[in-house]
Every structure is written in C-alpha cells, then in structure tokens.
1. Could you please rank Trp332, Trp296, Trp211, placing first whichever residue has the fewest other Cβ atoms within 10 Å of its Cβ?
2. Would you report the distance distribution of C-alpha pairs in segment 117-179 as whole percents per 5 angstrom bin, up to the bin with the largest distance?
3. So what is the relative contact order for the chain, in percent, with contacts set as C-alpha pairs under 8 Å and at least six apart?
4. Given only helices, namely DSSP H runs of n ≥ 4 each adding -39500 (n - 2.57), what is the per-residue ellipticity at 222 nm of the chain, to the nearest 500 deg cm²/dmol?
5. List the trypsin sites (Lys or Arg not before Pro) in segment 238-347 that DSSP assigns to loop (not H, G, I, E or B) and whose Cβ has at most 11 other Cβ atoms within 10 Å. Which are they?
6. Assuming a viscosity of 1.567 mPa s and a temperature of 4 °C, what translational diffusion coefficient in µm² per second does Stokes-Einstein assign to the chain, Rh being the Kirkwood radius over Cα pairs?
7. Across every pair of different alpha-carbon atoms, what Kirkwood hydrodynamic radius in Å does segment 40-171 reach?
8. At a 10 Å Cβ-Cβ cut-off, how would you order His20, His214, His333, fewest neighbours first?
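Values quoted throughout were computed directly from the atomic coordinates according to the rules given, and no laboratory measurement underlies them. Computed from a prediction, not measured in an experiment: that's the story for all the values here. Glycine also receives a Cβ, built like all others from the backbone with ideal geometry; neighbour counts cover every protein chain displayed.
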Amino acid sequence: MGNCIPHSLVVFCGGSGVHHFGSMLAKRFPRITFLVNAYDDGKSTGRIRNHLDCLGPSDPAKLIAMLARDGEIPALSDLLQLRLPIEGNATHLRRMLYDAIHLPELPFHIFMELERAINAFLTVTKQGEHQKGQPFDFRDLAVRNALLVGCAHLHGGYQRAIDYLTELFKLPADIVVVSEEIAYLVAVLEDGHILTTEAEICDRPPGPPIWRIHLLHHQLSRQEAATIEQIGDPTSTSHALESAFSARVEATQRAKMAVRQAQGILYAPGTFFSSIVPSAMLLTPELASLEVPRLWIANLVQECEPLTVAGLMNAFWHNVTRAHARTPISRWHLEPFVSHVLVEQNHPDGPPGERGDALPIAREQLYALVEVEEQPLQDQQQPGVHSHEKLLDALSTVLLKANIQTSLREVEECI
C-alpha cells in the first residue's frame, strides 16, 4: 500500500503560505518540487524590480530560507532571515555578511560564496544607479533577496542561481521558477477597475471580486490603467489589456517537465490570485493532460476576495483556461485541474464574510464540482492557522485513496 503514496510531488505555492509545512513535506516525500512564480513587487522586492528591471526574488528566496532551516547547515537559516534596518545601506549589508562568519557551523567556503553573491548584488545596484540616475534604496532589504539577485547575476538567471544555492546549501527539495520572462501581475475587477501591482492584489480594501489576472510586459502606470478603466466592462477591459500590454509569457521547459513527470500535484495554502493562479495559468496544457491526484488545500481564512471555497474553484478554472468569467462550470470542467479539495470540516457554508474570517465552503456547490475531503485541520492553539501535522496526515490519506482509486480503474480497464 505504501507504493500508492506518490514519490514525486509537485507543489504550486508562494513564499509564505507554505511556510513550515513545506519543510515537513520535504521530509515526508522522497522527491518534491516547489513551483513558484517571481512576480512579487511589494516593499523592498518592488524596489529591486524597479531599480534592476528584473523578476521579484522574494518568493523563491523565502523557499530557500524555509528549506535551509531543516537542511544540513542550520546556521544558514539565521542569516537568511536577516533584514537591513530602516536606515540600511550597502555598508550595513556587508556588515551583516561579515558578522555571519561568526555563526557556528557555517562552513568557510559557503561564507566565501555568499560574499561573492553580495558583491555581485552591490555591483548590479551600482550599475542600476548609473542607468536610473538615482541611488538604490536599501531600507528593510531582505538579505536572502540580495543573495539570490547576486547569484542570478553570477550564474545567468534565477533558475541557475536557485539550483546553485540548492546544491551549495544541500537543500532537501527542488525549487523551480515557473517562468524567467519578466512580467508584471495586474488584475481586472468585476466593476472594470484595475489593480496595477501584485501588492495591490494581495492587500486591498474590501470591494468587487477579481474578474481576471493578467501578466503584462511592463509595470502598468496609474494613468494607463485609468484610460483603460473608462471602458467599464470587465471583459472588454481585459481584452484591451491583453491587446496592448500582454507579456506573452511561457513556462520554462524545466517547469513543464516537472509537472509532466509528477505523480501528484498539490496546490498549497497561499495567496490565491498572486501565488497559485499565475503559475497554473502558464502550465494549463501540462496540468490538463495529467492523470494523477491533483489536490487543493483550501485556506482557512478569507483573503481580500469575497469568495467561498467553491467560488475560488470557479475563479481558478476561469483564469487558467481564460474562459468567459460567467461560464457555468461542472465537475467535468474542473476535474482536469483539481481532483480533490481538502477543507476544514468545522468551517461554515457561507456566505463570504470579511477578510480574516473563516473561509466558508459552500458545500453543495463544491461537492458538485470536485471530490471533497473534510478534516479537522486547524491548529487548536492558533485559530486561522493549519496544524502542519494534521495537514500532512490528511494529505497523505487523500493521496493514498486517490492513487488506490486510480490503480483500481486501471485494473478494471484491463479486464
């Protein structure tokens, strides 16, 4: 029966939502790949993107830090969690690095590689200063972001940098960036208004739900957005954005191959419209062709969107397939992308509440769309937070059931 647990698990995630759960997954499954996008543009990550015209390092860098915590060099975790102070500058960054040489059990050869990466980061920011005509803003800079950007400069891109750091730090899992093409995440709301940044998508006041997510070839200005918003209709607004600014982004061959070879797909808890949807959008053909368990772990709390779990499944399908957002869907539509949804059994049915409230399920609609597994997943000591042990046990149970069912179907087809 143990052979029914997938040996190769691909996890769609962001940098924060998977948190400690990700390192536990890496211990449980023999081969695991975290698929992540690099469209974050908030805070210091946004300043890096604007200054260097690059992808956002934040989410892949957070995954590196998460895996390092349980890797073979625990001292790395302390360094990768550091941030510069509000008054931080290049000198502060160097000082933090040099202080790291005193960390216990940090091998000297790793310190030397970290120094190379930090020097490369300072070099590219200095070059950016000449090109942009203004100094780089170091305030509150995450050291891990500087390391990843510096390594990308040294090794020729984010994926090569991630692979290098994975080997250097002896991390227990792979991290794959879905695309290395520079793009900017925006969203069209149901009332036709446009959210011009990933930061706005993740943290906005209550309002109309998101109609469609888009990847654009440049950072949309507020003036450009205001011009298109005059259209008013969300469908026409989306068409106008696609026609004028679409980035035409494709997933990397590495990401496509990871999904094609997966024995199980997991959509981890996380920010729905910034972490999960943009990555899945780029891998729609690969996901649709799979015949393996495709499990969605529902968040515990309401995000900005006034949606139930069933509503999120509808929004997911409409965005990844680019279908008209009011097209009714059935289990036949969703099944190629999501085969099972794991939800907290004590959550209400709805309607949606405010941000931070328990995420309602809408059971009748959800059960009509997909196989549903209801389990007690919440940490009793921390309301709104998954118990990682309960979540991992429930995940293993669902994957085991799904693989046994798949095996039985294959046997029946052969009889």
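1. Trp332, Trp211, Trp296
2. For segment 117-179, the pair-distance distribution reads 4, 18, 22, 24, 16, 10, 5, 2, 0.
3. Over the chain, the number comes to 17 percent.
4. Calculated at 222 nm, the ellipticity per residue is -14000 deg cm²/dmol.
5. Arg248, Arg326
6. Once the numbers are plugged in, D ends up at 58 µm²/s.
7. Computed over Cα pairs of segment 40-171, the Kirkwood hydrodynamic radius comes out at 14.6 Å.
8. His20, His333, His214
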